[in-house]
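> Structure incoming, see below.
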Amino acid sequence: MTLFDPPVALASLSGRSDAEWAEGGAPFAGCAVLGGIALDDATRRAARTMVTRDREEFLPPDPHNFVYQQLRAMEDLPMRAAVNVRSAALAPIEDAADLCREHDAILEINAHCRQAEMCDAGAGETLLRAPETLCRQVEAATATGASVSVKVRAEVDGVDLISLAPKLERAGADAIHVDAMDSEAVVESVADASGLFVIANNGVRDSASVREYLEYGADAVSVGRASDDPDVLATVRKATYEWFQEAAP
(Lines give C-alpha, C1' and ligand atoms only; values in the text may rest on other atoms or scores of the structure.)
Protein backbone atom coordinates (compact mmCIF):
# COMPACT_ATOMS: atom_id res chain seq x y z
CA MET A 1 0.00 0.00 0.00
CA THR A 2 1.27 3.46 -0.93
CA LEU A 3 -0.55 6.49 0.43
CA PHE A 4 1.62 9.08 -1.30
CA ASP A 5 4.60 9.39 -3.60
CA PRO A 6 7.38 10.36 -3.17
CA PRO A 7 7.39 8.71 0.28
CA VAL A 8 8.30 11.93 2.08
CA ALA A 9 5.81 13.85 4.21
CA LEU A 10 5.94 17.29 5.74
CA ALA A 11 4.87 16.78 9.36
CA SER A 12 2.40 19.11 11.04
CA LEU A 13 3.69 21.93 13.23
CA SER A 14 0.98 23.58 15.29
CA GLY A 15 0.16 27.07 14.13
CA ARG A 16 2.55 26.90 11.18
CA SER A 17 1.48 24.06 8.92
CA ASP A 18 -0.96 25.55 6.44
CA ALA A 19 -1.37 25.40 2.67
CA GLU A 20 1.20 28.14 2.08
CA TRP A 21 3.74 26.17 4.12
CA ALA A 22 2.89 23.03 2.15
CA GLU A 23 3.48 24.79 -1.16
CA GLY A 24 7.07 25.51 -0.17
CA GLY A 25 7.77 21.80 0.28
CA ALA A 26 5.78 20.57 -2.70
CA PRO A 27 8.83 19.98 -4.96
CA PHE A 28 10.21 17.47 -2.47
CA ALA A 29 7.33 15.73 -0.68
CA GLY A 30 4.38 13.56 -1.59
CA CYS A 31 2.26 14.63 1.37
CA ALA A 32 1.85 17.62 3.66
CA VAL A 33 0.13 17.22 7.03
CA LEU A 34 -1.68 20.44 7.86
CA GLY A 35 -2.53 21.35 11.45
CA GLY A 36 -2.86 20.38 14.12
CA ILE A 37 -6.40 21.69 14.29
CA ALA A 38 -8.34 21.69 17.54
CA LEU A 39 -11.87 20.76 16.48
CA ASP A 40 -14.14 20.58 19.51
CA ASP A 41 -14.85 22.93 22.42
CA ALA A 42 -12.57 21.11 24.85
CA THR A 43 -9.50 21.14 22.61
CA ARG A 44 -10.14 24.70 21.46
CA ARG A 45 -10.21 25.85 25.08
CA ALA A 46 -6.95 24.00 25.60
CA ALA A 47 -5.42 25.62 22.51
CA ARG A 48 -6.39 29.10 23.71
CA THR A 49 -4.68 28.42 27.03
CA MET A 50 -1.59 27.17 25.21
CA VAL A 51 -1.45 30.38 23.16
CA THR A 52 -1.25 32.45 26.36
CA ARG A 53 2.08 30.80 27.09
CA ASP A 54 3.45 31.51 23.62
CA ARG A 55 2.48 28.32 21.81
CA GLU A 56 1.51 28.76 18.17
CA GLU A 57 -1.97 27.41 17.41
CA PHE A 58 -4.56 27.58 14.66
CA LEU A 59 -7.67 29.08 16.27
CA PRO A 60 -10.01 30.11 13.44
CA PRO A 61 -13.60 31.03 14.36
CA ASP A 62 -14.86 27.98 12.45
CA PRO A 63 -12.36 25.08 12.37
CA HIS A 64 -14.50 23.07 9.93
CA ASN A 65 -14.48 25.90 7.39
CA PHE A 66 -10.77 26.43 8.01
CA VAL A 67 -10.04 22.82 7.10
CA TYR A 68 -12.21 23.16 4.00
CA GLN A 69 -10.43 26.34 2.87
CA GLN A 70 -6.99 24.82 3.46
CA LEU A 71 -7.83 21.72 1.46
CA ARG A 72 -9.19 23.89 -1.34
CA ALA A 73 -5.95 25.88 -1.34
CA MET A 74 -3.97 22.66 -1.81
CA GLU A 75 -5.97 21.32 -4.74
CA ASP A 76 -3.48 22.46 -7.36
CA LEU A 77 -0.37 21.29 -5.50
CA PRO A 78 1.31 18.09 -6.77
CA MET A 79 1.06 16.39 -3.38
CA ARG A 80 -1.54 14.76 -1.17
CA ALA A 81 -2.95 16.76 1.71
CA ALA A 82 -3.45 15.41 5.22
CA VAL A 83 -5.02 17.15 8.20
CA ASN A 84 -3.89 16.50 11.77
CA VAL A 85 -6.83 16.96 14.14
CA ARG A 86 -7.34 16.98 17.89
CA SER A 87 -10.71 16.27 19.43
CA ALA A 88 -12.25 14.50 22.41
CA ALA A 89 -15.61 14.31 20.61
CA LEU A 90 -16.46 12.04 17.69
CA ALA A 91 -18.76 14.26 15.60
CA PRO A 92 -16.10 16.87 14.70
CA ILE A 93 -13.75 14.06 13.68
CA GLU A 94 -16.42 12.59 11.43
CA ASP A 95 -17.04 15.99 9.83
CA ALA A 96 -13.33 16.60 9.22
CA ALA A 97 -12.88 13.10 7.85
CA ASP A 98 -15.75 13.66 5.43
CA LEU A 99 -14.04 16.79 4.15
CA CYS A 100 -10.81 14.83 3.73
CA ARG A 101 -12.64 12.13 1.77
CA GLU A 102 -14.11 14.75 -0.56
CA HIS A 103 -10.62 16.13 -1.28
CA ASP A 104 -8.75 12.78 -1.36
CA ALA A 105 -6.88 13.91 1.73
CA ILE A 106 -5.78 11.90 4.76
CA LEU A 107 -7.37 12.49 8.15
CA GLU A 108 -4.67 12.19 10.82
CA ILE A 109 -5.86 11.68 14.40
CA ASN A 110 -3.50 13.32 16.88
CA ALA A 111 -2.57 10.91 19.68
CA HIS A 112 0.78 12.67 19.89
CA CYS A 113 0.51 16.11 21.50
CA ARG A 114 1.91 16.02 25.03
CA GLN A 115 0.91 19.53 26.12
CA ALA A 116 -0.81 19.24 29.50
CA GLU A 117 -3.82 21.31 28.46
CA MET A 118 -4.52 19.14 25.42
CA CYS A 119 -4.05 15.94 27.38
CA ASP A 120 -6.41 17.19 30.10
CA ALA A 121 -8.98 17.85 27.38
CA GLY A 122 -8.89 14.15 26.48
CA ALA A 123 -6.92 14.47 23.25
CA GLY A 124 -3.31 14.05 22.16
CA GLU A 125 -1.14 11.68 24.18
CA THR A 126 -4.05 10.87 26.51
CA LEU A 127 -5.49 8.75 23.70
CA LEU A 128 -2.44 6.49 23.76
CA ARG A 129 -3.43 5.46 27.27
CA ALA A 130 -7.04 4.97 26.19
CA PRO A 131 -6.77 2.71 23.12
CA GLU A 132 -10.49 1.89 23.07
CA THR A 133 -11.31 5.60 22.81
CA LEU A 134 -8.65 6.10 20.15
CA CYS A 135 -9.99 3.16 18.16
CA ARG A 136 -13.50 4.62 18.34
CA GLN A 137 -12.13 7.82 16.81
CA VAL A 138 -10.48 5.78 14.05
CA GLU A 139 -13.71 3.87 13.40
CA ALA A 140 -15.70 7.11 13.23
CA ALA A 141 -13.25 8.58 10.73
CA THR A 142 -12.94 5.52 8.52
CA ALA A 143 -16.73 5.12 8.39
CA THR A 144 -16.80 8.22 6.17
CA GLY A 145 -14.56 6.51 3.60
CA ALA A 146 -11.55 8.71 4.34
CA SER A 147 -7.98 7.46 4.53
CA VAL A 148 -6.95 7.62 8.19
CA SER A 149 -3.57 7.93 9.87
CA VAL A 150 -2.81 8.07 13.59
CA LYS A 151 0.10 10.17 14.88
CA VAL A 152 1.73 8.53 17.90
CA ARG A 153 4.73 9.05 20.12
CA ALA A 154 7.25 6.53 21.41
CA GLU A 155 8.60 6.52 24.96
CA VAL A 156 5.26 7.22 26.65
CA ASP A 157 5.12 5.50 30.04
CA GLY A 158 2.67 2.64 30.10
CA VAL A 159 2.07 2.69 26.33
CA ASP A 160 2.99 -0.24 24.08
CA LEU A 161 2.93 0.86 20.46
CA ILE A 162 3.55 -2.72 19.35
CA SER A 163 0.22 -3.88 20.76
CA LEU A 164 -1.53 -0.65 19.77
CA ALA A 165 -0.68 -0.87 16.05
CA PRO A 166 -2.78 -3.98 15.27
CA LYS A 167 -5.69 -2.53 17.24
CA LEU A 168 -5.58 0.58 15.07
CA GLU A 169 -5.40 -1.59 11.96
CA ARG A 170 -8.47 -3.60 13.04
CA ALA A 171 -10.28 -0.30 13.70
CA GLY A 172 -9.68 0.60 10.05
CA ALA A 173 -6.64 2.87 10.12
CA ASP A 174 -4.48 2.97 7.02
CA ALA A 175 -1.32 4.44 8.51
CA ILE A 176 0.57 5.04 11.72
CA HIS A 177 2.83 8.10 11.94
CA VAL A 178 5.48 7.31 14.55
CA ASP A 179 7.46 9.99 16.35
CA ALA A 180 10.29 7.69 17.41
CA MET A 181 11.77 10.14 19.92
CA ASP A 182 15.11 8.52 20.85
CA SER A 183 13.92 4.96 20.16
CA GLU A 184 14.37 4.67 16.42
CA ALA A 185 14.22 0.86 16.51
CA VAL A 186 10.58 1.04 17.65
CA VAL A 187 9.73 1.67 14.00
CA GLU A 188 10.81 -1.87 13.14
CA SER A 189 8.67 -3.34 15.92
CA VAL A 190 5.61 -1.33 14.84
CA ALA A 191 6.14 -2.26 11.18
CA ASP A 192 6.38 -5.95 12.09
CA ALA A 193 3.28 -5.81 14.29
CA SER A 194 0.77 -4.74 11.65
CA GLY A 195 0.14 -4.11 7.98
CA LEU A 196 -0.25 -0.37 8.49
CA PHE A 197 1.60 2.09 6.28
CA VAL A 198 4.37 3.30 8.61
CA ILE A 199 5.59 6.90 8.49
CA ALA A 200 8.73 7.46 10.57
CA ASN A 201 9.36 10.82 12.21
CA ASN A 202 12.00 12.45 14.40
CA GLY A 203 15.43 13.63 13.39
CA VAL A 204 14.92 13.05 9.66
CA ARG A 205 17.51 15.42 8.24
CA ASP A 206 20.02 13.53 6.08
CA SER A 207 20.72 10.36 4.17
CA ALA A 208 21.77 8.42 7.27
CA SER A 209 18.56 9.14 9.19
CA VAL A 210 16.42 8.32 6.15
CA ARG A 211 18.19 5.03 5.52
CA GLU A 212 17.97 4.02 9.18
CA TYR A 213 14.19 4.38 9.27
CA LEU A 214 13.64 2.73 5.90
CA GLU A 215 15.86 -0.19 6.87
CA TYR A 216 13.72 -0.58 10.00
CA GLY A 217 10.73 -1.08 7.72
CA ALA A 218 9.18 2.37 7.44
CA ASP A 219 7.22 2.97 4.24
CA ALA A 220 7.87 6.71 4.33
CA VAL A 221 9.58 9.36 6.43
CA SER A 222 8.39 12.77 7.58
CA VAL A 223 10.21 16.01 8.27
CA GLY A 224 8.96 18.30 11.03
CA ARG A 225 10.96 21.29 12.25
CA ALA A 226 13.11 21.36 9.10
CA SER A 227 10.09 21.18 6.79
CA ASP A 228 10.68 24.75 5.60
CA ASP A 229 14.36 24.10 4.73
CA PRO A 230 14.63 23.23 1.02
CA ASP A 231 18.18 21.92 1.39
CA VAL A 232 17.10 19.39 4.01
CA LEU A 233 14.03 18.42 2.01
CA ALA A 234 16.08 17.92 -1.16
CA THR A 235 18.51 15.69 0.74
CA VAL A 236 15.71 13.63 2.26
CA ARG A 237 13.93 13.30 -1.08
CA LYS A 238 17.13 12.12 -2.81
CA ALA A 239 17.91 9.64 -0.04
CA THR A 240 14.46 8.04 -0.17
CA TYR A 241 14.63 7.75 -3.96
CA GLU A 242 18.05 6.11 -3.81
CA TRP A 243 17.04 3.70 -1.05
CA PHE A 244 13.95 2.46 -2.86
CA GLN A 245 15.88 2.17 -6.13
CA GLU A 246 18.44 -0.04 -4.39
CA ALA A 247 15.72 -2.06 -2.66
CA ALA A 248 13.79 -2.73 -5.87
CA PRO A 249 13.94 -6.37 -7.03
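> Out of the residues in the stretch 51-96 meeting the condition of being in a helix (DSSP H, G or I) and small (Gly, Ala, Ser), tell me which one is farthest from residue 11 (Cα to Cα).
Of everything passing the filter in the stretch 51-96, 91 is farthest from residue 11 (Cα to Cα).
> Can you pull out every residue in the stretch 1-14 that is at pLDDT 95 or above and either among the aliphatic types (A, V, I, L, M) or crowded, with 24+ Cβ neighbours inside 10 Å (or both)?
Scanning the stretch 1-14 gives 3, 7, 8, 9, 10, 11.
> Something else about it: Has the stretch 20-30 got at least one residue that is in contact with a Phe, Trp or Tyr (Cβ under 7 Å, 6 or more places away or on another chain) and in a loop (DSSP other than H, G, I, E, B)?
The answer is yes, given that some residue of the stretch 20-30 is in contact with a Phe, Trp or Tyr (Cβ under 7 Å, 6 or more places away or on another chain) and in a loop (DSSP other than H, G, I, E, B).
> Restricting the search to the stretch 27-46, which residues are crowded, with 17+ Cβ neighbours inside 10 Å and either under 20 Å from residue 228 (Cβ atoms) or among the polar types (S, T, N, Q) (or both)?
Selection gives 28, 29, 30, 31, 32, 33, 34, 35, 36, 37, 43.
> When residue 17 is evaluated against the numbered criteria (1) crowded, with 18+ Cβ neighbours inside 10 Å; (2) farther than 23 Å from residue 230 by Cβ; (3) among the polar types (S, T, N, Q); (4) in contact (Cβ under 8 Å) with a residue 60 or more places away in the chain, which criterion, by number, is the only one it fails?
So residue 17 meets the others, but not (2).
> Please go through the stretch 102-121 and give me each residue that is farther than 24 Å from residue 28 by Cα and either assigned to a loop (DSSP other than H, G, I, E, B) or among the charged types (D, E, K, R) (or both), ordered by number.
102, 111, 112, 113, 114, 115, 117, 120, 121
The values are calculated or read from the model by the stated rules, or taken from the named source; none is laboratory data. Remember, predicted model here, so these are calculated numbers, not experimental data. For neighbour counting, all protein chains shown are included, and Cβ atoms are generated from backbone atoms with ideal geometry for every residue, glycine included.
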